[in-house]
């Protein structure tokens, strides 16, 4: 993204989205380095694909993310979701 850094966008989402929400973010980038993948995932990305990517794989990953979002909403609706603050964290 020429005018907006993807990491800055992820940091903004982290500030604006409640901790108990599941935002299905898929990062698409040409930078396949391990530090970039780790940083994106640690900032809240739920999945990561590098360019060029297979369109079918991207669609399948998006479906999986959306399914997880639906299941997370169901758990929350029944009071069974674990708050983000109580989930294990890897630093």
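Here segment 6-84 is treated as an ellipsoid with the same Cα gyration tensor; its semi-axes, largest first and in whole Å, are 24, 17, 9. Once the Cα atoms are used to define both axes, helix 55-77 deviates from the longest principal axis of the chain by about 20 degrees.
In deg cm²/dmol, rounded to 500, what helix-only [θ] at 222 nm does the chain give when every DSSP H run of at least 4 residues adds -39500 (n - 2.57) and the total is split over its residues? Estimated from H runs of four or more residues: -15500 deg cm²/dmol. How many angstrom separate the Cα center of segment 53-91 from the Cα center of segment 1-30? Between the Cα centres of segment 53-91 and segment 1-30 lies a distance of 15 Å.
Once the chain from residue 19 to residue 89 is taken as fully extended at 0.36 nm per residue, the excess over their C-alpha distance is 23.9 nm. Helix 6-16 axis versus longest C-alpha principal axis of the chain: approximately 20°, rounded to the nearest ten.
Rule-based calculations on the coordinates, nothing more; no lab input. Source: prediction; values computed, not measured.
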